[in-house]
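Below is one structure; the comments refer to it alone.
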Amino acid sequence: MDAHVRARALLEKDLREAIGGHGIRPHYQPIVDLKTRRTVSFESLARWHHPINGLIAPNTFIPLAEELGLMNVLSEQLFGDSCRDATNWPGDVSLSFNFSSTQLSDKNFAQNVLTILADTGLPPYRLEAEITESAIVSDFEATRHVIRTLRNAGVRIVIDDFGTGYSGLSQLYELRFDKLKVDKRFIQEIGKSSESDIFMRAIFGLCKGLDLCVTAEGIENIAQADAAFAYGAHQGQGFLFSKAVPADAVPQLLIGFPQAKFVA
């Protein structure tokens, strides 16, 4: 127990120093149009390369940052860095960025986002703001205000990890999202049972009815890409295309995946 306490205290100290010194950097994972096989967006993902311990997993340091009250500072750093990187991409390639429920509860959050966009020169229409279902449920009124403000400015709103939270259909209808990302656990269950297929048909039918763009997360092989496209997914994301890469590797992924045979 004593060793665990010391390790935890050291990790907290290192995390504070990493955030203070901009040591946590954004990496980018491509989101690909399943029909044209072209990269249409990049999701920004936090990566911390510790000078001694190497890569620290996000599911280790992100919860710790939230617990220490550092998440807003870290997210603003990463968002600003991501916007600056995105200004170097072609104008039709978007930046996808996930905002936490803690941020959504801040009454100044939406204006802070718009201020960073203005300061970095990234047009609002090139930002896809990702919000999880759990964030919607935790504070619906605050989330609705944020979405309305950002959408009025031209930002596109994405519901992330769909199927893992408890949002109701009335909330999905009222908030008017632009895109829905189907959680990877459902994509990886495609074809394994009749129940999973029924669920997928229901999700994609709902999205078609609401005129939502659909991204299938967690695509790891061509069979999953084929199946997601057949169900009606417009875009795909996952290791089939690429892991998250640093900013200087993005140009290699902008050409898309013309050689991939994952659509009929």
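Throughout, read-outs are computed from the coordinates displayed, never taken from laboratory work. Because the structure is predicted, anything quoted here is derived from the model rather than measured. As a convention, Cβ positions derive from the backbone with ideal geometry for all residues, glycine included, and neighbour counts pool all protein chains shown.
Brief remarks on what is shown
- Packing-based exposure ordering (other Cβ within 10 Å, fewest first) of SER134, SER44: SER134, SER44
- Scanning residues 5 or more positions from LEU34 or on other chains, those with amide H under 5 Å from its amide H are GLN235, GLY236, with H placed 1.01 Å from N in the peptide plane.
- Listed residue (ILE222, SER134, ASN53) projecting farthest to the positive dipole end of the chain, Cβ model: ILE222
- Residues of type lysines that LYS35 reaches as a straight line, Cα spacing below 23 Å, ignoring anything fewer than 8 places off in the same chain: LYS179, LYS181, LYS184, LYS208, LYS243, LYS261
- Simple Cβ-charge dipole of the chain, Lys/Arg +1 and Asp/Glu -1, about Cα centre, in debye nearest 20: 500
- Against the main long axis of the alpha-carbon atoms of the chain, helix 194-209 sits at an angle near 90°.
- Sorted fewest first by neighbouring Cβ atoms within 10 angstrom, ILE116, ILE190, ILE147, ILE219 come out as ILE116, ILE190, ILE147, ILE219.
- Remark: segment 146-160, residue by residue, has Karplus-estimated 3J(HN,Hα) of 4, 4, 4, 5, 5, 5, 4, 7, x, 6, 8, 10, 10, 8, 9 Hz, where x stands for each Gly or Pro and the curve is 6.51 cos²θ - 1.76 cosθ + 1.60 at θ = phi - 60°.
- For GLU130, the amide hydrogen comes within under 5 Å of the amide hydrogens of PHE97, ASN98, PHE99, VAL158, counting only partners 5 or more places away or on other chains and with H modelled in the peptide plane.
- Amide H to amide H, with H built 1.01 Å from N, SER94 comes under 5 Å of SER41, PHE42, counting only residues 5 or more places away or on other chains.
- Whole-Hz ³J(HN,Hα) from phi, Karplus 6.51 cos²θ - 1.76 cosθ + 1.60, for segment 174-188, glycine and proline x: 5, 7, 6, 6, 9, 8, 10, 9, 7, 4, 4, 5, 7, 5, 6
- Cα gyration tensor shape of the chain, rounded if a/c is under 1.5, else prolate or oblate by comparing a/b with b/c: rounded
- Of VAL113, VAL93, the sequence from fewest to most neighbouring Cβ atoms within 10 angstrom is VAL93, VAL113.
- For the chain, share of DSSP beta bridges that run antiparallel, in % to the nearest 5: 40
- Couplings 3J(HN,Hα) for segment 46-62, derived from phi with the Karplus relation 6.51 cos²θ - 1.76 cosθ + 1.60 (θ = phi - 60°), are 6, 9, 10, 9, 6, x, 10, 8, x, 6, 9, 5, x, 6, 9, 8, 5 Hz, where x marks Gly and Pro.
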